[in-house]
Amino acid sequence: MDSGLTQRLKEIEVAFEETERLLSDPGVLEDQGRYTELARRHAELRPVVENFHGHQRALDEAREAEELAEVETDPDLAAGLRALAGERQQEAVDLEEELRRSLLPKDPNDEKDVIVEIRAAAGGDEAAIWAGDLLGMYRLFADRHGFKTEILESSPSETGGVKEVILSVKGKGAYSRMKYEAGVHRVQRVPKTESQGRIHTSTGTVAVLPEAEEVDVALDPGEVRVDVYRSSGPGGQSVNTTDSAVRLTHEPTGLVVSCQDEKSQLQNKEKAFRILRARLYQIQLEEHLGEIADARRSQVGTGGRSEKIRTYNYKENRVTDHRIGLTIKKLPEVLAGDLDGFVDALTAQEEARKLLEGE
């Protein structure tokens with residue numbers, strides 16, 4: 001382990017010990033806000049410090065075993081000690097790699113809830129059916145991780161599926177597990193309406209936006225025009241007889257958000273503001289990174305068949321992620337929400353890139 005990494009870990013060790021001391025301070029215990037923040041920091045630092053101590057122990061044990069092997073006269077015992085030294089040395093190497101990864105800069109949005117926007121793209125009616133399938137896949141994926149989902153707005157297709165749907169996914173680490181899903185998802189299959197048995201290619205676009213808190217975005221209500229109108233979709237007798245649907249227009253950016261799924265105008269307004277806040281936050285993030293392009297466009301392109309991050313091929317029972325060249329031949333399982341193989345591989349690729357670039 002290089003001296004720079006060692007020094008940084010020692011500083012973290014000191015900071016961890018300081019948080020432990022403060023957590024038992026009577027003055028801190030009386031300040032709930034400060035206590036909560038310190039407890040969160042303590043929980044973040046603990047695994048790093050434990051791995052640092054484990055790394056030091058493994059190196060010490062490897063060195064001791066090697067020294068004992070040098071003076072041991074019994075060949076079998078000496079061989080056993082050298083084997084033990086090798087195991088401890090490998091343990092130290094693995095822990096050092098884990099420590100380097102744990103010190104990589106974290107995406108500040110990783111722990112946030114997310115808003116997932118799914119839209120039918122190329123492929124007509126079949127694209128709408130595919131967008132509905134993507135919605136089902138993500139709801140099942142969320143269930144696997146204990147996340148809660150809620151449809152904020154949807155526009156059903158007359159032939160089945162959805163033209164567009166906006167899904168809220170809530171839970172610790174939701175963005176970290178969902179963020180790699182942004183892009184164009186291509187499906188190759190025989191549509192139910194295809195009498196000749198020909199394979200069609202359709203696409204759906206997915207945008208993944210971290211859900212912004214009020215403190216994240218300076219949203220001036222005076223800059224938002226609120227229009228109400230009669231809902232046109234299903235939802236009970238009151239839907240078509242009262243002005244329950246809400247349309248928000250953010251005048252400085254021109255962003256428009258509509259919600260009509262709820263019977264209550266107040267509920268539709270609250271959902272619309274959540275979506276608007278998330279979109280503004282994403283634009284704010286893009287500008288902070290020096291990328292002025294609209295977040296949705298940068299994530300999903302035009303939705304054309306050639307622009308894809310992943311292909312789902314029914315005939316060959318395979319799903320291929322084109323960003324990392326990974327193919328998994330378990331299409332039904334993937335559509336049932338088993339996306340972790342792709343998410344873990346994409347996360348590992350991102351970590352490897354950061355390590356290589358020394359971020």
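Is it true that some residue in region 231-239 is at pLDDT 80 or above and more than 23 Å from Ile118 (Cβ to Cβ)?
no
Would you check which residues across region 25-82 are of a type in the set (A, V, I, L, M), free of Cβ contacts under 8 Å to residues at least 24 places away in the same chain and surrounded by 12 or more Cβ atoms within 10 Å (Cβ to Cβ) and list them?
Listed by number, the residues that qualify are Val28, Leu29, Leu38, Ala39, Ala65, Leu68, Ala69, Leu77, Ala78, Ala79, Leu81.
Which ones in region 166-199 are free of Cβ contacts under 8 Å to residues at least 60 places away in the same chain and under 18 Å from the mean Cα position of the chain (by Cα)?
Those that are free of Cβ contacts under 8 Å to residues at least 60 places away in the same chain and under 18 Å from the mean Cα position of the chain (by Cα): Leu167, Val169, Lys170, Gly171.
Keeping to region 23-78, report how many residues are farther than 24 Å from Arg100 by Cβ, part of a helix (DSSP H, G or I) and at pLDDT 90 or above.
Going residue by residue through region 23-78, those that are farther than 24 Å from Arg100 by Cβ are 23-39, 64-78.
Those left that are additionally part of a helix (DSSP H, G or I): 23, 26-30, 32-39, 64-71, 75-78.
Then keep just the ones that are at pLDDT 90 or above; that gives 64-71, 75-78.
Going through region 23-78 one residue at a time, the tally reaches 12.
Condition first: at pLDDT below 85, acidic (Asp, Glu) and under 26 Å from Gly123 (Cα atoms). Can you find one or more residues in region 281-288 that meet it?
If we filter region 281-288 for residues that are at pLDDT below 85, which is where we start, we get 281-288.
Now restrict to residues that are acidic (Asp, Glu): 286-287.
Subsequent filtering for residues that are under 26 Å from Gly123 (Cα atoms) retains none.
Looking for residues that are at pLDDT below 85, acidic (Asp, Glu) and under 26 Å from Gly123 (Cα atoms), one finds none in region 281-288, hence no.
The values are calculated or read from the model by the stated rules, or taken from the named source; none is laboratory data. Remember, predicted model here, so these are calculated numbers, not experimental data. FYI the Cβ positions are ideal-geometry reconstructions off the backbone, even for glycines, and counts take in every protein chain you see.
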